[in-house]
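Q: Here it is, the structure in full.
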Amino acid sequence: MGFVHLHLHSEYSLLDGAARISDIPAAAKAAGHGAVALTDHGVLYGAVAFYRACKEAGVKPIIGCEVYVAPRSRHSKEGRQDQSGHHLVLLVENEIGYQNLITLVSKSFTEGFYSKPRVDEELLSRHSDGLIALSACMAGKIPQLVLSGDLEGAREAALSYRSIFGRDNFFLEIQDHGLEDDRRILRALSSISRETGIPLVATNDVHYLRRVDADAQAILLCIQTQSVITDGRPIGFETDEFYYKSTEEMQRLFSAYPEAISNTERIAERCNFDFRFGELHLPTLRTEGGRSHAEELSHLAYEGLKERTARGEVCFTEAHPESEYLDRLAYELSVIDKMGFNGYYLIVRDFVRYAKENGIPVGPGRGSGAGSLVAYAVGITDVDSVAFELLFERFLNPERRL
């Protein structure tokens, strides 16, 4: 029976995690682990670097995140009662799960940020497909209810999470870092598991790779909490047990719960997601009247040129007659279409237009993009590339494939 770490924090858990992504695959291989998860606090900053490092080392990467769940709604932002939130570990099972996880993390910042990036249970309910959830460390909702003495509330919360993620997709996470609170939570979660049938999974809350790194990680936490190491280890990290443990160490810790150990491998086997590099992934942009992106861009370019001409921003001259502008537009549009950049132009136009309409400063254009007449016509730039005799090919060249 093997073991896989499913709860691990890298340097991207800022001022908290001290496990460097570049070192994680080597630690996994040294321990004989064929897979390992990355679950940084509230963010996915390290996901791609982690994926690449694991693939290069021949270790299966499991993409995850330990999200913050708002105590009430993610929209509630009133004092201490709404700060931070309970922890919840989410692991990507498949492509749908990754799309849901990046949506959750994005919305945790754009909609739920209050001291920390926060989701809520309503958001989790809408984006739970393809994700496997673990009840997290002692900062999770269920463990916190256990520590407060509300065992019935903890049981109801466990059943609620199971209803959100599905019968086979939610696990009660047991840990033992030598803290009495961990053991108290373990006993309660074991009881809830027997009552509800929700399976247990054993994890170590990895914040550093070697036991000797405990003091370094504690200093990071002191910086975060504006405390000093001479006052003692930060709350929740009083021991030096938050390191990358071997299978044998985890088996000894949880010898009474063999299923919780074997469940780590079962979960790892289910998590199969791969990034596809070298492909262009653009947001879907709706067009008016059902026009294709090429048709929409062409329409906006010709109309935009007419409008700029009417406003006196484009002045046809003997050196640069109207025919030159029209020929240039037609040429650029054909190249843009051929190289698959119609959607890119429309997306950039959309956010530049939004910025200008909402008083957000936008420059006239910079770099090779200022050489595009289409960009000028649709309002992305404010530089007449024909009048200034700028080359479009510096931006897009049909002879230079990206």
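Q: Most exposed first by the Cβ proxy, i.e. fewest other Cβ within 10 Å, how do Tyr51, Tyr376 rank?
A: Final ranking by Cβ density, sparse to dense: Tyr51, Tyr376.
Q: Shifting gears a bit: So what's the angle, to the nearest 10 degrees on a 0 to 90 scale, between helix 180-196 and the longest Cα principal axis of the chain?
A: With both axes taken from Cα atoms, the answer is about 80 degrees.
Q: Starting from the stretch 248-323, pick out the chymotrypsin sites (Phe, Trp or Tyr not before Pro) whose DSSP state is loop and whose Cβ has at most 10 other Cβ atoms within 10 Å.
A: Qualifying residues, ordered by number: Phe277.
Q: Filter Lys29/Lys141; Lys141/Lys245; Lys60/Lys338; Lys55/Lys107 down to the pairs with a C-alpha to C-alpha distance above 31 Å, please.
A: Checking Cα-Cα distances, Lys29/Lys141; Lys60/Lys338 exceed 31 Å.
Q: While we're here: Per residue of the stretch 36-44, in order, report the coupling 6.51 cos²θ - 1.76 cosθ + 1.60 (Karplus, θ = phi - 60°) as ³J(HN,Hα) in whole Hz, putting x for Gly and Pro.
A: Couplings: 7, 9, 10, 9, 5, 5, x, 9, 10 Hz.
Q: Could you bin all the Cα-Cα distances of the chain into 10 Å bins starting at 0 and give me the percent of pairs in each, rounded to whole numbers?
A: Cα pair-distance distribution for the chain, in percent: 5, 19, 24, 18, 13, 12, 7, 2, 0.
Q: List the pair-distance distribution P(r) of the stretch 216-323, using every Cα-Cα distance, as the percent of pairs falling in each 10 Å bin from 0 up to the bin containing the longest distance, rounded to whole percents.
A: The calculated distribution, bin by bin, is 10, 16, 13, 16, 10, 13, 14, 8, 1.
Q: Starting from the amide H of His87, placed 1.01 Å from N in the peptide plane, find each other amide H under 5 Å away whose residue is 5 or more places distant or on another chain.
A: Long-range HN contacts for His87: Val69, Gly140, Lys141.
Q: Moving on. To make sure I understand, if each residue's beta carbon is the centre and we count other beta carbons within 10 Å, what order do Leu38, Leu179, Leu305, Leu88 fall in, fewest to most?
A: The most exposed by this proxy come first: Leu179, Leu305, Leu88, Leu38.
Q: Let me ask you something else. Can you figure out the FRET efficiency of Glu95 with Asp215, using R₀ = 45 Å and their beta-carbon distance, to the nearest 0.05?
A: Efficiency, rounded to the nearest 0.05: 0.65.
Q: Let me test this: with uniform point scatterers at the alpha carbons of the stretch 288-394, what is the Debye-based log₁₀ I(q)/I(0) at q = 0.17 1/Å?
A: Per q value, in the given order, log10 I(q)/I(0) is -0.78.
Q: Out of residues 5 or more away from His5 or on other chains, whose amide H comes under 5 Å of its own, with H placed 1.01 Å from N in the peptide plane?
A: Answer set, sorted by chain and number: Ala37.
Q: Full-extension gain between Lys77 and Glu399, please, as 0.36 nm times their residue separation minus the C-alpha to C-alpha distance.
A: Full-extension gain reported as 110.6 nm.
Q: Something else: Once the Cβ-Cβ distance between Tyr354 and Glu269 is put in as r, and R0 is 51 Å, what FRET efficiency do you end up with, to the nearest 0.05?
A: 0.70
Q: Computed over the Cα atoms of the stretch 56-142, what is the ratio Rg over Rh, Rh following Kirkwood?
A: Reported Rg/Rh, Kirkwood definition of Rh: 1.01.
Q: Can you figure out the FRET efficiency of Ser160 with Ser190, using R₀ = 22 Å and their beta-carbon distance, to the nearest 0.05?
A: Efficiency, rounded to the nearest 0.05: 0.70.
Q: Counting other beta carbons within 10 Å of each Cβ, put Met339, Met138 in order, fewest first.
A: Ranking Met339, Met138 by Cβ neighbours within 10 Å, fewest first, gives Met339, Met138.
Q: Continuing with the same structure: List the GluC sites (Glu not before Pro) within the stretch 1-101 that fall in a DSSP loop (any state other than H, G, I, E or B) and whose Cβ has at most 16 other Cβ atoms within 10 Å.
A: Passing both the DSSP loop test and the Cβ count: Glu78.
Q: Does anything in the stretch 320-355 have its amide N under 13 Å from the 7 Å Cα→Cβ label point of Glu307, and if so which residues?
A: Once the point is set 7 Å along Cα→Cβ of Glu307, 349-350, 352-354 turn out to lie under 13 Å by backbone N, inside the stretch 320-355.
Q: If a paramagnetic tag sat 7 Å from the Cα of Phe109 along the Cα-Cβ line, which residues of the stretch 267-305 would have the backbone N under 19 Å from that point?
A: 281-284
Q: Along Cα→Cβ, 7 Å out, is where each label goes; now give me the distance between the ones at Leu14 and Lys116 in nm to one decimal.
A: If labels sit at Leu14 and Lys116, their model points lie 1.5 nm apart.
Q: What's the angle, to the nearest 10 degrees (0 to 90), between helix 151-165's Cα axis and the longest principal axis of the chain?
A: Value to nearest ten degrees: 40.
Q: Going by alpha carbons, how many degrees (0 to 90, nearest 10) lie between the helix axis of 293-310 and the longest principal axis of the chain?
A: That helix lies at roughly 50 degrees to the long axis.
Q: Amide H to amide H, which residues 5 or more places from Lys116 or on other chains are under 5 Å from it, using H placed in the peptide plane?
A: Ser84
Q: Just going by the charge dipole of the chain, with Lys and Arg at +1 and Asp and Glu at -1 on Cβ, which of Gly304, Tyr243, Leu131 is farthest out on the positive end?
A: Farthest towards the positive pole: Tyr243.
Where a number appears in this text, it was derived from the coordinates with a stated rule and is not lab data. This structure is a prediction, so every number in the text was calculated from the model and none was measured. Please note: Cβ atoms are built from the backbone with ideal geometry, for glycine as well, and neighbour counts cover all protein chains shown.
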